[in-house]
Structure formats: C-alpha cells, structure tokens
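Asks: The structure's right below; bear with me while I get my questions together.
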Amino acid sequence: QVQPVESGGGLVQPGGSLRLSCVVSGSVFSTTTMGWYRQAPGKQRELVAHITGGGSTYYADRVKDRFTISKDNAKKTVYLQMNSLKPEDTAVYYCNRLSFKWDWGQGTQVTVSS
C-alpha cells in the first residue's frame, strides 16, 4: 500500500517562501510522473505542478514563475519550492502520481496570512 507523506507546510506572511517535501515508499518512483495538488476550503482539489520521470515540468498558470517542482529519485522525494506566496495559495497541499493515483496522504497545511 503506497501512501505519500507530505511535510513542510506552515504559516507564512505574504511574499514569503516555503519548501514542501513528499516522500513515497514502496513503489517505482524514478519513472513516475509526480504531481503536487492543493485543496482550499470549500474548493475542489487542483493540480499545481507536475514533473515527469525525465524531469519535464508543468505548472498551473496561477503558480507559474513562483513555484518550482523538483525531485530526488534516490530519496524517492518530490519537492515544491514556493516563493512569493499569496493569501490565495492557502490550502492543504498533497502529492500523488498523475495517473492511477495512490491513496491520498494527510497533506500539509500552508497558510499565507499577515
């Protein structure tokens, strides 16, 4: 049973930065397209960014030029560097593979507020 474990969230002021981590155990990782998702209160979960096995990346327009997704295959970890954070980035952030999703993890709460 594969379940991602997310960490790194917290409370940050607008304009601040956070780095999220997601560890995946028990599955092939290096060739898997991994995504970061977020769900704000009262809204549907949305894809924020993804990275392919070959390292190609995709970003939602709302986070482009502010967020950077990366991964470490040896550590089976995917990261999300978030800069210039805005209040509208407040959400629970999750990681999962893009297709044939595993069970969702607990996520990590990101709150952007002054």
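The values are calculated or read from the model by the stated rules, or taken from the named source; none is laboratory data. Everything quoted here is computed from the prediction, not taken from an experiment. All Cβ positions, glycine included, derive from the backbone under ideal geometry; neighbour counts span all protein chains shown. Just the protein is used for accessible areas: all its heavy atoms, side chains included, with ligands, DNA and RNA removed. Shrake-Rupley method; radii C 1.70, N 1.55, O 1.52, S 1.80 Å.
Asks: Over the residues of region 56-114, compute the C-alpha Rg and express it relative to 2.2 N^0.38 Å.
Replies: Details: Rg = 12.7 Å, N = 59, 2.2 N^0.38 = 10.4 Å.
This ratio for region 56-114 stands at 1.22.
Asks: Still on this structure, please answer the following. Taking 0.36 nm per residue of sequence separation and subtracting the Cα-Cα distance, how much length would be gained by fully extending the chain between residue 58 and residue 103, in nm to one decimal?
Replies: Residue separation times 0.36 nm, minus the Cα-Cα distance, leaves 14.0 nm.
Asks: Can I ask one more? If you average the sequence gap of Cα pairs under 8 Å that are 6 or more apart and divide by the length of region 13-114, what percent do you get for the contact order?
Replies: Details: 198 pairs, mean separation 35.4, N = 102.
Relative contact order, region 13-114: 35 percent.
Asks: So for the chain, Kirkwood radius off the Cα pairs, Stokes-Einstein at 37 °C and 0.692 mPa s: how many µm² s⁻¹?
Replies: Numbers: Rh = 13.9 Å.
For the chosen part, D equals 236 µm²/s.
Asks: Once both labels are modelled 7 Å past Cα along the beta-carbon direction, what's the residue 3-residue 72 spacing in nm?
Replies: In this crude spin-label approximation the distance works out to 2.4 nm.
Asks: Okay, next question. Run down the lysines and flag those whose C-alpha is under 25 Å from the C-alpha of residue 43, throwing out any fewer than 8 positions away in its chain.
Replies: 64, 86, 101
Asks: Of the accessible area of the chain, with the probe set at 1.4 angstrom, what percent is carbon plus sulfur?
Replies: Whole-percent figure for carbon plus sulfur exposure: 47.
Asks: How large is the accessible surface per residue of the chain, computed with a 1.4 Å probe and reported in Å² as a whole number? Mind dumping the intermediate values first?
Replies: Details: 6050 Å² over 114 residues.
So the chain comes to 53 Å² accessible per residue, rounded to a whole number.
Asks: Additional query: When only DSSP loop residues count, what chymotrypsin sites (Phe, Trp or Tyr not before Pro) in region 22-114 have their Cβ near at most 13 other Cβ atoms within 10 Å? Don't jump to the answer; show the numbers that get you there.
Replies: Numbers: sites: 29, 36, 37, 58, 59, 67, 79, 93, 94, 100, 102, 104; in loops: 29, 100, 102, 104.
Qualifying residues, ordered by number: 100.
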